[in-house]
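Below: one structure, written as structure tokens.
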Amino acid sequence: MKGGWGVPLVALAIFLLLVWALTPVVYAMLISLAGFDLPTKLGLPNDLTFANYLDALTDREVYRAMANSLIIAVLATAISTFSSIPASYVFSRSQSRVASALLLLFLFFRLFPWIALAFPIFLVMARFRLLDTYLGVSIGHTVWIIPTAIWYMKGFFDLVPKELEESAVLDGATPFVLLTKVVLPLAIPGMVAVSLLAFFSSYTEYLYSLILTRVHTVTLPVLMAGYLSEFKVEWRKISAISMLSTIPMLAFYSYLLSYMRRGLLYGVMKG
Amino acid sequence: MMKGIATRALVILLGLVFLLTSIPAGSAGAPVTITVTNRKGWRSTEGIKANLPQFEKATGIKVNWIDIPPGELTAKTLAELEARTGAFDVIMASVEFDLAAYYRYLIPLDEFIAKKWGSVASFKRLISPEAARAIVWEGKVYYIPFHGNVQFLIYRKKLFEDPAERSAFKQRFGYDLPTPPKTIKELVDVAVFFTRPEKNLWGLGIPLGGKYPQHFLEHVMLGAGIDVVDLKTRKPDFAEGAKRDRAVEIAQFLFDLLYKYKVIPPGAKTMGHVEMREIWKLGQLAMAFSWWGDHWDKLTSPEFVSAVGEVGSAPFPQWPGGPPGRSGGRMSIWTVGIVGTTKNKDAAWKFIEWLVSEENLQTEARTSGSASHWIAVDKVSAERGWLAKGLVEALPKSVPPRLGFLKEGPEIVTAFIEEAQALTVASVSPKAMVDRLAKRIAEILKK
Amino acid sequence: MRRLTLDQAVLIAPALAIMLVFFAYPIGLTVYFSLLDYSLMRRTKAFVGLANYLHVLQSDLFVRTATNTLVWVVISTVLPLLIALVAALLTYFRFRGYRAFTALFSLPIVFIPSSTAILWALMYSDPFGLVNHLCEAFGLGRRIWLADPATALPAVSIANAWYGTPFAYLMLLAGLESLPLEPIEASEVDGASSLQKVRYILLPMLWPIFTVVFLLRLIDTVRSFALIWIMTQGGPGTASLTLPVATFKASFLQYDYGLGSAWGIINVIVVMGISFAIVWRRREVE
């Protein structure tokens, strides 16, 4: 970027890109801090206050939904990670036709439009008496996470050299021992990435949470969407809740960025 | 050794799963628990909800009161009923089309009613005729009403009584400022008169977000004697002839309010009645039309009165040429019924008896301003000033939405809402909107 | 080992079991329901063959929905991908403070879709929304963005583009960083400018990855539901009705599960069409 115009042009581009990414965030943050009067023309709110945050945090409905979201996300992460890791290990190592056919099936699952199952999944969950339970909702999420997780994880396993396993097999190790003892320690970065992916997929999910919850397990996305559809729009408070909802994401933000970069690419390219 | 770790991890996982699944969905422990659905954030049931501990203490029945956002209530209730999950014991249902959809999953209440009120006939005499008609399906009573409402007009007395405004109005229109307007023409004149966008004052606030434009149109149409669907012939009532022309006039009326007279605040197109109430509170409206029965206590509260002065209320003027004795339509009837899968029929009935007790229905009127369809209670509530004059006058002259008596109701309502929204945002002309809607309804009924 | 051993089958079993019970089985139900006249209102459950599909495909609503879906997909794929490409290329050249830029530019990913809907509904609202404040400041006048049939769909699409940009950016950046360095180093020896490097070396090398990212984004927008549903519910009228929203509406606002299932299967067919393009493309890339 030499020459007279290069540097200012790049600076301008960077500025515009940041404006694009940050304007809604900054504005919602301002509204979440606004006092009595909301701005009706370009400008800042008259008075700033933390009252809206206090209001949101002391609302039983809100902190329950936050807790529900976290519990369900943890559960969904556990189920999907523990079931997809062994499967993806097999998919990475097996040469069999059955395995590659199944792998394609999982790709099909992965690209499926969720909406097509909205009512049937409700019926199935009702049959297993899993509606409005933590397990039910997290299984609902898991169904969408497992296919993605398997494809990502397979990408990581493909990178683990096979020589180690071959010597272990000579020592008479079973696939289970191979997986836990030899391969997994080498694939830990992949596992972390997949767990994070699973956690955030579950934490952000809306449609299935809407369908599979009644009251006790209502998650944050469902609760927040309800505020807009209820025609009871209290912008200050729901902006504050929006800001609070980012905390788990922000806590892992740097991991999220680096693992997502790698993880997403493996999922795309290596699968 | 690694195997040991894996086993332990597995045990921990299973333990975790067990722990989380063993958290019961409902609260257990109490001898009898019944689950009741409720529209979340509905002001009319807030007071009743607060009375719940008394009922629980007196009967030993635990009530699991479930709040579901209004937009999701019917879809969720129906899905649960169809899947026979047994999740709900008592459900709340509105005349809009819930009554038609739910009753096959419910138990008839005739025996309970006979035990409590002597006979079904004597029970029906206790409630309004329209409600008595709506709760009967295939000859049996499935629902007990507890809430009645209708959209009506409110106006700011301070503005209407201002001598300067009165003389200015007389000078401009040649007659005294009508307080409140009694005809559609007067309504338009007054709305035009008070609309001063530069001062952030609008003549007439009507919430027009989401489903509300349909509420407005159906109200005026029923007042004009046009049913959406003729229940006898099962055809759209405004497909042709004089009724079609009148329906076009009504659609044109809404269109003109928005785009010719420009008396409605433009933001109204995304608003519901709660937001409209906030605009009222800011003093930006001279008149407003909506479900004010749910907000009457707020509108008359010191906070509101000190902000914008006293509020007056009246029925929305009837469309010229409508049937005599009728004011408008779209009367709201909310009821409760008992789900067939319940294991606690008697407890559920005890709850319903308590819900429609005089004390609770009066609480409802006092804490929100809505009626109950129970004649005696509503009379007392009106006398004590808990109900708006507009509501008291409009309710007996209203009819419930006809779609509530049709199984095609939801499909027709969906089509009606889409067309009414299209009209509101001027993407279709009033004439085309009416004809297109009639065509769509005819198609739905043919299927 | 050409055959699946028992041990391997056991390792696959948990994932497969979950998928069969909670995914394959419901798919079967959807297909089955789509062949029934299954309406909770009409109280019917009779076999009607392909009548539901015909009803959907012959309706004006389908044409409307298909057009809307196209607009929605074009805006919410092309816009974020172009923005992300510019951002990724800039970041690739490591200007001063590029780490901070990456962190700030990717910030939208910390919001859940419901928050995104709230953020943008607030931006578009009147009289409190920033978009109208800006329009007024520039003398353009206010609009009711989400209630105007001309602007509702583009407005929601832009919100979706905003939400999708960081994902595309991170993927493209990773793609750029995985490219071999030799050709670029060689071009530096030849004295190529940055723009020339981008035009003649980076972009051609990135192209295969770009197309895969594009197709994935395409699928995600075709099947995305939350944002439109929360912000406009497909309205006003049918102005922002897309395939998934129409599907949900048929099932959960008209309580016609037969019709809803037919809409759902049509969704599946569209998405699968694009998926085959991905699989095919992936083969080519490899």
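The values are calculated or read from the model by the stated rules, or taken from the named source; none is laboratory data. Predicted model, so just to flag it, every value in this text is computed and none were measured. Reconstructed Cβ throughout: ideal geometry from the backbone, glycine too, with neighbour counts over all protein chains shown.
The figures follow:
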{"read-out": "Residue check, A:LEU197 surrounded by fewer than 24 Cβ atoms within 10 Å (Cβ to Cβ) and modelled with pLDDT under 90", "value": "no"}
{"read-out": "Subset tally (residues that are touching a residue at least 60 places away in the same chain (Cβ under 8 Å) and either touching a strand residue (DSSP E or B) at 6+ places or on another chain (Cβ under 6 Å) or within 14 Å of another protein chain (Cβ to nearest Cβ) (or both)) for region B:256-280", "value": "16"}
{"read-out": "Residue check for C:ALA13: within 20 Å of A:ILE150 (Cα to Cα), out of contact with any Gly (no Cβ under 9 Å at 6 or more places or on another chain) and surrounded by fewer than 16 Cβ atoms within 10 Å (Cβ to Cβ)", "value": "yes"}
{"read-out": "Residue ID - nearest to A:ALA65 (Cα to Cα), chosen from residues in region A:133-156 that are more than 9 Å from chain C (Cβ to nearest Cβ) and touching a Lys or Arg at 6+ places or on another chain (Cβ under 6 Å)", "value": "A:THR148"}
{"read-out": "Of the criteria (1) within 11 Å of chain A (Cβ to nearest Cβ); (2) surrounded by fewer than 21 Cβ atoms within 10 Å (Cβ to Cβ); (3) part of a helix (DSSP H, G or I), which one C:VAL78 fails", "value": "(1)"}
{"read-out": "Residue in region B:10-33 that is modelled with pLDDT of 55 or more, assigned to a strand (DSSP E or B) and more than 9 Å from chain A (Cβ to nearest Cβ) present", "value": "yes"}
{"read-out": "Count of residues meeting criterion [among the hydrophobic types (A, V, I, L, M, F, W, C) and either closer than 15 Å to C:TRP263 by Cβ or buried (at least 17 other Cβ atoms within 10 Å of the Cβ) (or both)] in region C:16-47", "value": "13"}
{"read-out": "Qualifying position, being within 30 Å of the chain's Cα centre (by Cα) and part of a helix (DSSP H, G or I), among A:LEU12, A:LEU30", "value": "A:LEU30"}
{"read-out": "Filtered residue count, region B:256-265, keeping only those that are part of a helix (DSSP H, G or I) and surrounded by fewer than 18 Cβ atoms within 10 Å (Cβ to Cβ)", "value": "2"}
{"read-out": "Region C:36-50 residues that are within 16 Å of C:PHE252 (Cα to Cα), paired with ones that are among the β-branched types (Val, Ile, Thr) (beta carbon under 8 Å, 6 or more apart)", "value": "C:ASP37/C:THR44; C:ASP37/C:VAL48; C:TYR38/C:THR44"}
{"read-out": "Flag for C:ALA103 being small (Gly, Ala, Ser) and crowded, with 16+ Cβ neighbours inside 10 Å", "value": "no"}
{"read-out": "Those residues of region C:157-193 which are assigned to a helix (DSSP H, G or I), more than 13 Å from chain A (Cβ to nearest Cβ), surrounded by fewer than 23 Cβ atoms within 10 Å (Cβ to Cβ) and not aliphatic (A, V, I, L, M), in sequence order", "value": "C:GLU182, C:PRO183, C:GLU185, C:SER187"}
{"read-out": "Residues located in region B:183-208, provided they are hydrophobic (A, V, I, L, M, F, W, C) and under 19 Å from B:VAL220 (Cα atoms)", "value": "B:ILE184, B:LEU187, B:VAL188, B:VAL190, B:ALA191, B:LEU204, B:ILE206, B:LEU208"}
{"read-out": "Test: C:TRP229 is more than 7 Å from every other protein chain (Cβ to nearest Cβ) and crowded, with 22+ Cβ neighbours inside 10 Å", "value": "yes"}
{"read-out": "Residue list for region C:129-156, filter: over 24 Å from the mean Cα position of the chain (by Cα), buried (at least 20 other Cβ atoms within 10 Å of the Cβ) and modelled with pLDDT under 85", "value": "C:ILE144"}
{"read-out": "Total residues in region B:50-89, condition within 9 Å of chain A (Cβ to nearest Cβ), of a type in the set (Gly, Ala, Ser) and out of contact with any Leu (no Cβ under 9 Å at 6 or more places or on another chain)", "value": "1"}
{"read-out": "When residues of region B:279-291 are limited to those that are in a loop (DSSP other than H, G, I, E, B) and of a type outside the set (S, T, N, Q), the one nearest to B:GLY390 (Cα to Cα)", "value": "B:TRP291"}
{"read-out": "Filter result for C:VAL63 (of a type outside the set (Phe, Trp, Tyr) and touching a helix residue (DSSP H, G or I) at 6+ places or on another chain (Cβ under 9 Å))", "value": "no"}
{"read-out": "Single unsatisfied condition, B:GLN284 versus (1) polar (S, T, N, Q); (2) farther than 23 Å from B:ILE184 by Cα; (3) in contact (Cβ under 8 Å) with a residue 60 or more places away in the chain", "value": "(2)"}
{"read-out": "The one condition in (1) within 13 Å of chain C (Cβ to nearest Cβ); (2) crowded, with 16+ Cβ neighbours inside 10 Å; (3) not small (Gly, Ala, Ser) that A:THR40 fails to fulfil", "value": "(2)"}
{"read-out": "Residue that is assigned by TED's automatic domain parsing to the domain that holds A:ASN68, in a helix (DSSP H, G or I), under 30 Å from B:LEU78 (Cα atoms) and not aliphatic (A, V, I, L, M), where the choices are A:PHE109, A:PHE176, A:PHE82", "value": "A:PHE109"}
{"read-out": "Index of the failed condition, B:SER427 passing every other in (1) touching a residue at least 60 places away in the same chain (Cβ under 8 Å); (2) polar (S, T, N, Q); (3) farther than 27 Å from B:LEU299 by Cα", "value": "(1)"}
{"read-out": "Hey, B:ALA239 in the same structural domain as B:ALA432 (by TED's automatic domain parsing) and either out of contact with any helix residue (DSSP H, G or I) (no Cβ under 9 Å at 6 or more places or on another chain) or in a loop (DSSP other than H, G, I, E, B) (or both) or not", "value": "yes"}
{"read-out": "Candidates B:SER122, B:SER128 - the one that is away from chain C (no Cβ under 14 Å), over 22 Å from B:GLU411 (Cα atoms), surrounded by fewer than 19 Cβ atoms within 10 Å (Cβ to Cβ) and among the small types (Gly, Ala, Ser)", "value": "B:SER122"}
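Listed here are the residues, each with its yes/no results for (1) surrounded by fewer than 22 Cβ atoms within 10 Å (Cβ to Cβ); (2) at the interface with another protein chain (Cβ under 7 Å from one of its Cβ atoms); (3) modelled with pLDDT of 85 or more.
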{"residue": "A:PRO86", "(1), (2), (3)": "no, yes, yes"}
{"residue": "A:ALA116", "(1), (2), (3)": "no, yes, yes"}
{"residue": "A:PRO120", "(1), (2), (3)": "no, yes, yes"}
{"residue": "A:ARG127", "(1), (2), (3)": "yes, no, yes"}
{"residue": "A:LEU131", "(1), (2), (3)": "no, yes, yes"}
{"residue": "A:ASP158", "(1), (2), (3)": "yes, no, no"}
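Condition check ((1) part of a helix (DSSP H, G or I); (2) modelled with pLDDT of 95 or more) across all residues:
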position	(1), (2)
B:GLU275	yes, no
B:GLY293	yes, no
B:LYS298	yes, no
B:GLU303	yes, no
B:THR335	no, yes
B:GLY369	no, no
